[in-house]
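Chemist: Sharing a structure below in C-alpha cells format, with a few things to ask.
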Amino acid sequence: MMEELHLKRQTAVKHTVIMLILLGAIFALHIIGIILLLVATIDNAWWMTDTISTDVWARWILQNGKWNYTDLPEGSHYPQDYLQAVQASSVLACIFSILGIFVFVAQLFTLNKGQRFTISGIFQFLACLCIMIAASIYTDIFHRNEANGWYGHCFILAWIAFALTFISSITYFVLRKKTA
Amino acid sequence: MLTFLALASVVLLGIVPEQSQAIVIYTGWERHALVGSDIRLSCSFFSWRWTSEDVTFSWTYRPDGSRDSISIFHYTGGAAYVDNKGPFRDRLEFVGNPSRRDGSILIKNLEFSDNGTFTCDAKNPPDIVGRPSSVRLLVFEKVPIQAGVITGAIIGVVLGLLVLIVVIYYLMRFLVARRVFSLSVSKHGKKKKEGSQQRQGPVPPADPSKVAASAVTRG
C-alpha cells in the first residue's frame, strides 16, 4: 500500500518535471524565434559584398576605411514598393511574435484543462507567414543578377526564423493544457 | 511751450519721411534644403514710391568660410541676367515678378558647395538708399531611417496593442458582471465549480441556454 503510494508520488513528480521542461523548451523556442526576427528586421545585412552591407532600411558603405551609413539607391533595380513590402512584413512578423509570447503566458493561466493554445498558435502562424512573405519577396526581387556578393546574416536568420516560428505554431496547435 | 512742441513734431514728422525714404528689402533668414533638390530664394522690398520701370534686383553669393562675394544674378531694364560662368551656371533661374516687387531666384540641383550666404539688393529709383538683406543657405544630406526608430516603432506598437488587449479583456469582464455576455458567464461558472467543490450556489439554476452555450464552447 505504502509502496504503491510512493510509486504514484514519484511518477507524479516525474510528470511535473517533464511538463516543466517541455514548457521551458516551448518558451525558449518562441523567445529564440523573436530574437532572430528582431535581428533580421533591425540590422542592415541582408546582402553583403566586400565594401557594402545593405538591407531593407539603409546601406553601409566602406569608404577610406570608414563605414558610412547611407541611403538605399532608388531606381528600377531597387523598386521602392517591394522594398516597403519587405520592411512592413518583417516588422509585422516581429510584432505578431512578441504579442504571441504574451498571449501564450496569458493562456497558460486562463485556459481550462484539456484545451489547446490556439490563439498563441494563430499569432505565431501569422508571424511565420509574414516573415515568409518578406524573405520571399527579397529573394525574388532584389540582387537577382549581381554576381559579386553574398546573402548576409540577416537574410539567413529570416529564413531560420520562418522555420522556428512554423514549428512553434504547430506545437501550440497540438499541445493541450495538462495541469490546471 | 506745449503748442511749440506739437507744431515742431508735426513739422518733423512731415519732413522725415520725405528725406529718408529708404527702401526695405526682405529675404528669409535661413533656408534648409536637401542635396540634389531645388530651392527658391525669395526677395522682396518695401518702398514708398511706385515700382518704377528701372527697378533692379541683384543677388550676390558668399560661400561659407570665404570673405569674397561673387555676383550671380542681376535684373535691370526689364531683362534678367543669370550666372553663366560662376558656380551656379546652368542651375540658376529667375522666377520673380519685378512688377510685383518680387525678385526671387531658383537654384536647381543643390550641392554641398552651395552652403553660404546669399545677399539680395534691390533698387527702386529714385528710392535707392537701403540695406541689402541676406539669407543663409544650409544644405543637408538625407538621413536614412535609424535602427533606433525601427526598434522604437516595434516596441511602441507591441505595447500599444498589449494595453488595448488588456483593456478589452477587463471591459469584457466588466460587462460579464452585468450579465450581458452569457458565454463568459457560463465559463466563469465552470471555473468556480472546478475551484471549490462546496459552493454550489451560483451554478444550480442550470438554464438550458447556459448549458447549450457551454456545449458550444467545448465543441
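The values are calculated or read from the model by the stated rules, or taken from the named source; none is laboratory data. Note that the coordinates shown come from a computational prediction; the quantities given were computed from them, not determined experimentally. Don't worry about glycine lacking a Cβ; one is built from the backbone with ideal geometry, like all the others, and counts go over all protein chains shown. Surface areas here come from the heavy atoms of the whole protein model, side chains and all, with no ligands, DNA or RNA. Shrake-Rupley method; radii C 1.70, N 1.55, O 1.52, S 1.80 Å.
Chemist: Can you tell me which residues in region B:67-94 are open to solvent by less than 40 Å² (accessible area, probe 1.4 Å) and either in a loop (DSSP other than H, G, I, E, B) or among the β-branched types (V, I, T) (or both)? First the steps, then the outcome.
Modeler: Initial filter on region B:67-94 (open to solvent by less than 40 Å² (accessible area, probe 1.4 Å)): B:72-73, B:75, B:79, B:83, B:86, B:88, B:91-92.
Passing the criteria: B:I72, B:D83, B:G86, B:F88, B:R91.
Chemist: Just a yes or no: is a residue in region A:111-123 closer than 27 Å to A:D81 by Cα, in contact with a helix residue (DSSP H, G or I) (Cβ under 6 Å, 6 or more places away or on another chain) and open to solvent by 20 Å² or more (accessible area, probe 1.4 Å)?
Modeler: There is at least one residue in region A:111-123 that is closer than 27 Å to A:D81 by Cα, in contact with a helix residue (DSSP H, G or I) (Cβ under 6 Å, 6 or more places away or on another chain) and open to solvent by 20 Å² or more (accessible area, probe 1.4 Å).
Chemist: Out of all the residues in region B:137-179, which are open to solvent by 90 Å² or more (accessible area, probe 1.4 Å), modelled with pLDDT under 85 and outside any strand (DSSP E or B)?
Modeler: Answer for region B:137-179, where residues must be open to solvent by 90 Å² or more (accessible area, probe 1.4 Å), modelled with pLDDT under 85 and outside any strand (DSSP E or B): B:E141, B:K142, B:V143, B:Q146, B:R178, B:R179.
Chemist: Same structure again: Could you tell me whether region B:99-110 includes any residue that is under 28 Å from A:R59 (Cβ atoms) and open to solvent by 20 Å² or more (accessible area, probe 1.4 Å)?
Modeler: Checking region B:99-110: at least one residue is under 28 Å from A:R59 (Cβ atoms) and open to solvent by 20 Å² or more (accessible area, probe 1.4 Å).
Chemist: Please determine, by comparing only the residues of region A:20-67 that are aromatic (F, W, Y) and over 18 Å from the mean Cα position of the chain (by Cα), which one is least open to solvent (accessible area, probe 1.4 Å). First the steps, then the outcome.
Modeler: Here is the first cut: in region A:20-67, the ones aromatic (F, W, Y) are A:27, A:46-47, A:57, A:60, A:67.
This time we only want the ones that are over 18 Å from the mean Cα position of the chain (by Cα), so: A:47, A:57, A:60, A:67.
Values: A:W47: 9, A:W57: 29, A:W60: 86, A:W67: 126 Å².
So, considering only residues that are aromatic (F, W, Y) and over 18 Å from the mean Cα position of the chain (by Cα), the one least open to solvent (accessible area, probe 1.4 Å) is A:W47.
Chemist: Okay, next question. Mind checking which residues of region A:51-88 are more than 14 Å from chain B (Cβ to nearest Cβ), touching a residue at least 60 places away in the same chain (Cβ under 8 Å) and among the acidic types (D, E)?
Modeler: Result: no residue meets the conditions.
Chemist: Determine which single condition B:S214 fails, assuming it passes every other condition in (1) within 12 Å of chain A (Cβ to nearest Cβ); (2) modelled with pLDDT under 85; (3) surrounded by fewer than 15 Cβ atoms within 10 Å (Cβ to Cβ).
Modeler: (3)
Chemist: Turning to a different aspect of this structure: Output the residues belonging to region A:147-157 that are without any contact (Cβ under 8 Å) to a residue 24 or more places away in the chain and part of a loop (DSSP other than H, G, I, E, B). Give the derivation first.
Modeler: Here is the first cut: in region A:147-157, the ones without any contact (Cβ under 8 Å) to a residue 24 or more places away in the chain are A:147, A:156.
Once the filter is applied, which keeps residues that are without any contact (Cβ under 8 Å) to a residue 24 or more places away in the chain and part of a loop (DSSP other than H, G, I, E, B), region A:147-157 yields only A:A147.
Chemist: Oh, and also: When you look at A:A85, is it open to solvent by 30 Å² or more (accessible area, probe 1.4 Å) and assigned to a helix (DSSP H, G or I), yes or no?
Modeler: Numbers: open to solvent by 30 Å² or more (accessible area, probe 1.4 Å): yes; assigned to a helix (DSSP H, G or I): yes.
Yes, satisfied.
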